[in-house]
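The values are calculated or read from the model by the stated rules, or taken from the named source; none is laboratory data. On a predicted model such as this, the values are computed, not experimentally measured, just so you know. As a convention, Cβ positions derive from the backbone with ideal geometry for all residues, glycine included, and neighbour counts pool all protein chains shown. Accessible surface is based on the protein model in full, side chains and every heavy atom, while ligands, DNA and RNA are left aside. Shrake-Rupley method; radii C 1.70, N 1.55, O 1.52, S 1.80 Å.
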Amino acid sequence: MLTRKQHELLMFIDKHLRATGFSPSFEEMKEALRLKSKSGIHRLITALEERGFLKRRAHRARALEVVRLPENVAPRRAAETPPPAAAQPAFTPNVIRGHFAPGLAGVQKPANEAGSVALPLYGRIAAGMPIEATRDTAMVDVPAALLAGGEHYALEVAGDSMMEAGILDGDTVIIRRGDTADNGAIVVALVDDQEVTLKRLRRRGNSVALEPANRAFETRIFGPDRVRVQGKLVGLLRRY
């Protein structure tokens, strides 16, 4: 038996598929179910998969398939079933791979298919939890043009310490995974293996400075062994 939220999500996905021919985004599902976090949608989808109601098509973003509906729901009429998508011309896949920590890998998707790639969205940057330790993740569709090879993930920005660099609270930043960055680059930095922050990296002699882009915040300076780069900013998404 499905929970109320599982049933509500399944019926929303089924209705969206019949109306458009493709599955809704995580943002659309979150708003439809009035949830605060996309991670809640991720857990509901996983539960529906485990119960045999949903199936994810491999190597595709926004590609959920309704396998079956609850027994108390009337079957779809043939006229309501969307026609199969038109055959696409053959192409040579340019796969962007996401080899993240076990269980957190991004969806591998041909970059020239529908022009987007599904990346793991690790939630809001917060102190006390390294990125690799984050368990509850959703997925976010990112234009393939923002990605130029390498492994990528997305983060939701919390706070306004980088507002003068055009990065606002609630924005989604696209990060290319890596442990090095040029001086002056905006990076995701792990401080003392505890605090994750998005700041501009400055090297000053034997010290590392994490510089905000907001005059109301102070630059923090650390010894080189206290800061570990976890990725470099390569793109930004904003929902109006």
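Structure values in brief
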quantity	calculated
Qualifying residue in the range 194-211 (condition: assigned to a loop (DSSP other than H, G, I, E, B) and basic (Lys, Arg))	no
Condition broken by residue 2, with the remaining ones in (1) farther than 26 Å from residue 115 by Cα; (2) crowded, with 19+ Cβ neighbours inside 10 Å; (3) of a type in the set (A, V, I, L, M, F, W, C) satisfied	(2)
For residue 156: the one exception among (1) touching a Ser or Thr at 6+ places or on another chain (Cβ under 7 Å); (2) touching a residue at least 40 places away in the same chain (Cβ under 8 Å); (3) under 30 Å from residue 116 (Cβ atoms)	(2)
Residues of the range 174-208 that turn out to be open to solvent by 40 Å² or more (accessible area, probe 1.4 Å), of a type in the set (S, T, N, Q) and in contact (Cβ under 8 Å) with a residue 24 or more places away in the chain, as a count	2
Residue check for residue 164: over 22 Å from the mean Cα position of the chain (by Cα) and part of a loop (DSSP other than H, G, I, E, B)	no
Subset of the range 18-32 [within 19 Å of the chain's Cα centre (by Cα), open to solvent by less than 70 Å² (accessible area, probe 1.4 Å) and farther than 17 Å from residue 122 by Cα]	23, 24, 28, 29, 32
Residue 171 vs. criteria within 13 Å of the chain's Cα centre (by Cα), open to solvent by less than 10 Å² (accessible area, probe 1.4 Å) and at pLDDT below 90	yes
